[in-house]
Amino acid sequence: MRNWFKGGEPWIWVTGGAVALCLVAVYAVVWMTAARGLGHWWPAQLVETTVKETDGRVTRLIGEVRDEEEVAVRRLRESGYEIKTDDTYTTRILFKQGNRDVYGVDFRWIPTPLLAEFKYPRDLIAVERHEWGYFFGHLKSVKESGQVVAEGDAAWPEVQKRLKRANDLFDQILSIEKHDIGKVNYQLERLRLKQRKLELKGELTEAVRAQIDAERKTYDEQFAKLQTRLDELRTQNQRDSLTAEVQNGQIIELPFAKIADIIKPNDMNVAQKTAHYFGKLYEFIVDDPREANTEGGIFPAIFGTVMMVLLMSAMVTPLGIMAAVYMREYAKQGPLIRVIRISVNNLAGVPSIVYGVFGLGFFVYFLGGNIDALFFPEAHPAPVFGSPGILWSALTLALLTLPVVIVATEEGLSRVPRSIREGSLALGATKAETLWKTVLPMASPAMMTGLILAIARAAGEVAPLMLVGVVKLAPSLPLDGNFPFLHLERKFMHLGFHIYDVGFQSPNVEAARPLVYATSLLLVIIIVVLNLFAIRLRNRLREKMRGLEGV
Amino acid sequence: MEKIEANITTAGGYTGRRMVKDKLFKYTMVFGGLSVIIAISTIFFYLAGVVAPLFMPAHVEKLNPIAVPATTGQSTVHLATEEQVEIGMRASDQGKITFFDLRTGKPLLEEKAALPAAVKATSFAAGDLRKRAMAFGTEDGRLLILKDDYKVSFTQDPKNPKKDIRSISPFIVYPLGNEALVLDDARQPLRKLAIQNDSQETTAVAETEDGRLLLASYTSESDFSGESVTVQRAALRELTKVQGEISQLLLDVKQRDLYVVHGGRFVSHFDVQDKSAPTLKQTVAVFPEGERITAATLLSGGFSLVVGSDQGNLVQWFQVRDADNVNTLTRIREFKPMAKAIVQIAPEHARKGFMATDAGGGVNLYYATSQRLLSESSTGGDKAVIGGFAPRANAIVLETDKGVIQVAHIENEYPEVSFGALWGKVWYESYEKPDFIWQSAAANSDFEPKFSIAPLTLGTLKAAFYAMLVAVPLAVLGAIFAAYFMSQKMRAVVKPSIEIMEALPTVILGFLAGLWLAPFVDNNLAGTLLALFLLPFSFLITAWIWHRLPHTLTDRVGPGWEAALLIPVVILVVWVAFALGHPMEAALFDGDMPRWVSNELGWTYEQRNSLVVGIAMGFAAIPIIFSIAEDAVFSVPKHLTSGSLALGATPWQTLFNVVLLTASPGIFSAIMVGFGRAIGETMIVLMATGNTAVMDFSIFTGFRTLSANIGVEMPEAAVGSTHYLLLFFSALVLFVFTFFINTLAELVRQRLREKYSSL
């Protein structure tokens, strides 16, 4: 045994244990995000049971079981529950009871000993609403203009039919509100700025003013027309409603105009559930968020992230490659290259929040403020580029990811065998030609690797973005159908910030939690895929270069 | 022949162009290389440039006399300016109010206060400067309250349509009507006076000719048109007599506390919150015997008392609440004394700054919280008898004993900052003792900002410390295994996994730590600690078992697969630890360990604590340390290890005595870089701690780091304010700190690389 210890064998195992622990931790994190994120859209069974309240009453409970955990009985007793057991530990269940507008709270932790047997009545409906979150209850009847048209079993087919109509109308309303009216407003704002600009230049003649007024009038008319159309659609959509009994026995009437989707989760087979699952997944990807981002989709966040990352790539790639080429191909050993290497390392090591502060001060207030003063005096006092926006975010992140591109490119360049360069030079090519025509193309997979890693880094970075351009809810995308189409000054939404914001700033964290897991999963997938791709690309390059070395 | 020549010239031209291109290409690349240096230095110099004004002294222009016609036979009792520092106002002891242009001294409006006919004013008092109320006490025991007010109007500039011309016209209002109010029913002249007036209540304190000290409270109600006011005297009380002659009465803006300066060196504090039952709370001697109080004032907010003596000393006092909830007037701090006897102390309107003038014509600006002497200037020899700040503290106006009014503009944006205020304990208003506090904003307007960087710095170090506690052993040991013992095949799995680990966004780690890990650890505290404790032993035990297993079995798995074999062990141990956790808590800790920690051990326990952050941030710091350390160990020249092994050392002995010794600078550099990462990490800290700035190192409490503080407060800080600059300062501190660490780490690595290549 002493020899065994002296030989160091056990310590090797300890070092191995460190690796094992790291591996377990990484895959546990990925697995947990995946497990929690993927389950979100699977329709959960609706439970009906009773619970013994702290005041002794027994009340009915309808809802989904969201979570279960072991908890000290003592803690429960301290919070007022009366639990008859000698055990120190028991379990408690997190119920999603929905109907926030009716009960005030939609999530409750309830100790298991207080719950009666679980039943799963088939007529329970789960209603996804545009406001106030989910609604659970027993379907009672369907009404048209206040008159009951179907009751009991006949109600369900009627519900589906009318839901389709309501959803169609809702889509039309949304489209007018978002696109058509948005466009008119954009044009009106453009006109206002144009007028102000001319005014400032002193070129606002009567003729021009009349022309602008005429234009404005047409837009105002368009606006009024759209408004009437909207009112019409809204009245039409008010026609139908359904009634349902909720857990406390109240009959609640829900207008179809406020309903996004209805399912009977206890009456669905696996195929229906699967279809529902993918339907929701699709909505998650393509829809806008609702209800302070706790419901609906995350399309704007995906779009914003992609836009920002693309802008950033356009800035960081050339600079990073130039720096790497200089360091590897031109620089001579000496103090300068040492300083550059130290700078690269420092750029990589400076905390990201410092980039945010720098971006806010230098890009947004200093550069942006000056751009505004020079080019957009008409917008004063509203800032154009002088406030956080996607351009500044991209620029800040370009600085932040510069070392990633440099390091990867440099490593690629270092793997290009000397013989290639020498061959090219010997044939009479200049150094630039050698680099441009032979070395760089060979190292291009390394540049790609660097770029991909930079993208992955930027997609997950949040801290600096909080200061230079990300918002919780952007009214419009940075790319749309209004001239000049690409709006670099706009604020945008970002997946990473979305996670922080919804998970920590949202008024109803419990309701938002599944969505945050789903968003996290998406982000993790994007980043892991990008990274694996980069790793493969790099390995392929290494293989290829190794093959060339003998040449 | 011709053709060949033509060819040559084109070739020559072509070559020339190629050369130019070659040069151009080179310069472009040089620019790219230099841009890295440019970027990092721009960041540094920009941040430093923004922060620099914080540490500049206040700039006071030379005091500039302006020609305001002197008032003969009357002395000035009050000097003030309006918001824009265009118009000055002077009140004389006889009730004459003069408004004058602050640049030229030209009188703009002269008005006599609406004192009752043929009644002389005998005393004057100014209320809170932001409310602008003033009062004259009369020889027949009455009181007249008035305010100076300004109307600002804009008219378009006829020459330049873009510009508006601002014109300000002064006037006087009487908030309680222009009838003087009766204060003393005995109609004695009022010798000394103090007042405060707000929309509901007006309080006046006066010393009468026959030495009584009266407290009167008035309530006022204006009718709907706002034109006429009905005023009622709600209470009139005589206060306890104080020793000696009363030299000054000071009433705070909230109309709760009255300070009477009397008997040369004493201050008495009366609680006048209940106007019908004012009580004498305390009398303190501000200065030792032989020294006399010559001036006193309340700083803005009415909480702090600043007192000056005939020897030029300046001290700050305020009430401090003790454990029994009793307030005691306490000496808080002294300021750098002036050369001669203090003549007057004038407070700033909104901040805790003040101006003191001495008998030798010295004019000093001080700031209370930071205990700073901001600037020293002089009237040029004449004693300044009265003066005041402009509302935004961007100018001072003084009158000398020769009756000359002098004005100076001030640049003094960041008086709150001093080395002591940033890093030391400061005794803030309404606190029980000096403390390290970061509190940048509050709802009330007379708030004293508390800018102590110390708790944030400590929080940063605490976060990094716990993260390193988790990360360093795992990453360094893991790197050693991966670089030296691990089989090639396993390497192919481990390296990408570590890269994935590095790529995982910290926002996701923070989210999991805050919303999943923190409640989980809270509910399974014993299990968590048990798992941390059991894991190392489980590795040793597994090693022993493996060692005892028949070699025919163990030889099938080659060396270098220990880590893979340990994966199920890790999972099993963690599972066992959590399964044992609850029974253990039930048996040892009354079924609730966090509660036990706070009740039995008396440690504060927070759900989002350092343990959680340590695990999460350790996770984030592992890959960077791992990669650099692994690289250092891996690139140790092979002939060194082969030699050692050939001489009969075991792999471990070779590693310990040869490899680690050679690679230790690299491992050190890896730890430095990891430490730098942990110092600057924002999202994990932001999400997984409660973000309260505390000054302890307990594992069961949270903290607030510099970076998280920037993330939280930057979006709300007013651009250009002290708060905003201090956040930039925090960023600069982070920058410099990580710069230092990273540079050091890089230098170590460069040295190491050279060493390896020479080996």
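Laboratory data are not the source of any read-out in this text; all were calculated from the coordinates shown. Owing to the predicted nature of the structure, the values given are computational and were not obtained by experimental measurement. Positions of Cβ are backbone-derived with ideal geometry, glycine not excepted, and every protein chain shown enters the neighbour counts.
Helix A:299-325: angle to the longest alpha-carbon principal axis of chain A, degrees 0 to 90, nearest 10? That works out to roughly 10 degrees.
A simple count of charges around B:Lys192, restricted to other residues whose Cβ falls under 12 Å of its Cβ and scoring Lys, Arg +1 and Asp, Glu -1, yields -1. Counting only residues at least eight positions apart within a chain, or on another chain, the lysines with an alpha carbon under 21 Å from that of A:Lys273 are A:Lys96, A:Lys119, A:Lys161, A:Lys164, A:Lys264.
For B:Lys383, the lysines whose Cα comes closer than 25 Å to its Cα, not counting residues fewer than 8 places off in the same chain, are B:Lys62, B:Lys96, B:Lys106, B:Lys192, B:Lys336, B:Lys340, B:Lys352, B:Lys402.
Across region B:401-456, the mean sequence separation of Cα contacts (distance under 8 Å, 6 or more residues apart), normalised by length, yields a relative contact order of 31 percent. So for chain B, averaging the separation of alpha carbon pairs under 8 Å that are six or more residues apart and normalising by length, what relative contact order in percent results? Over chain B, the number comes to 9 percent. Full extension of the chain segment joining A:Ala275 with A:Lys119 gains 53.7 nm, where the gain is 0.36 nm per residue of separation less the Cα-Cα distance. With contacts taken as Cα pairs under 8 Å at a separation of at least 6 residues, region B:454-758 carries a relative contact order of 31 percent. What 222 nm value per residue comes from the helices of the protein assembly as shown, counting each DSSP H run with n ≥ 4 as -39,500 (n - 2.57) and dividing by all residues, nearest 500 deg cm²/dmol? Helix-only estimate at 222 nm: -15000 deg cm²/dmol.
Please give the net charge around B:Thr208, taking every other residue with its beta carbon less than 14 angstrom from that of B:Thr208, where Lys and Arg add +1 and Asp and Glu add -1. It would help to have the intermediate numbers written out before the result.
Details: positive: B:Arg142, B:Arg187, B:Arg191, B:Lys192, B:Arg212, B:Arg237, B:Lys241; negative: B:Glu139, B:Asp140, B:Asp184, B:Asp185, B:Glu207, B:Glu209, B:Asp210, B:Glu238, B:Glu245.
Its environment carries a net charge of -2.
Between A:Trp109 and A:Phe95, the built amide H atoms are under 5 Å apart, and every one of these is 5 or more places off in sequence or on another chain.
Which pairs, out of A:Lys437/A:Lys544; A:Lys332/A:Lys437; B:Lys241/B:Lys433; A:Lys217/A:Lys491, put more than 20 Å between their alpha-carbon atoms? Mind dumping the intermediate values first?
Values: A:Lys437/A:Lys544 18 Å; A:Lys332/A:Lys437 22 Å; B:Lys241/B:Lys433 32 Å; A:Lys217/A:Lys491 30 Å.
Listed pairs above 20 Å: A:Lys332/A:Lys437; B:Lys241/B:Lys433; A:Lys217/A:Lys491.
When only alpha carbons are used to place a centre, region A:241-282 and region A:40-68 end up 17 Å from one another. Exposure proxy shown here: for B:Ser598, B:Ser757, B:Ser309, the number of other Cβ atoms within 10 Å sets the order, fewest to most, as B:Ser757, B:Ser598, B:Ser309.
Within the set of other residues whose C-beta is less than 10 Å from the C-beta of B:Gly141, count the net charge using Lys and Arg as +1 and Asp and Glu as -1.
Details: positive: B:Arg142, B:Arg187; negative: B:Glu139, B:Asp140, B:Asp184, B:Asp185, B:Glu209.
That works out to -3.
Please compute the average number of Cβ atoms from other chains found within 10 Å of each residue's Cβ in peptide A:398-409. Numbers along the way, then the final one.
Numbers: counts 1, 5, 0, 0, 4, 2, 0, 0, 3, 0, 0, 0.
Mean shielding count: 1.
Nearest 10 degrees, 0 to 90: what angle lies between the long axis of helix B:722-758 and the longest principal axis of chain B (Cα atoms)? In chain B, helix B:722-758 runs at an angle near 20 degrees to the longest axis. Against the main long axis of the alpha-carbon atoms of chain B, helix B:562-588 sits at an angle near 50°.
Mean partner shielding of peptide B:472-479, defined as the number of other chain Cβ atoms within 10 Å of each residue Cβ, is 5.
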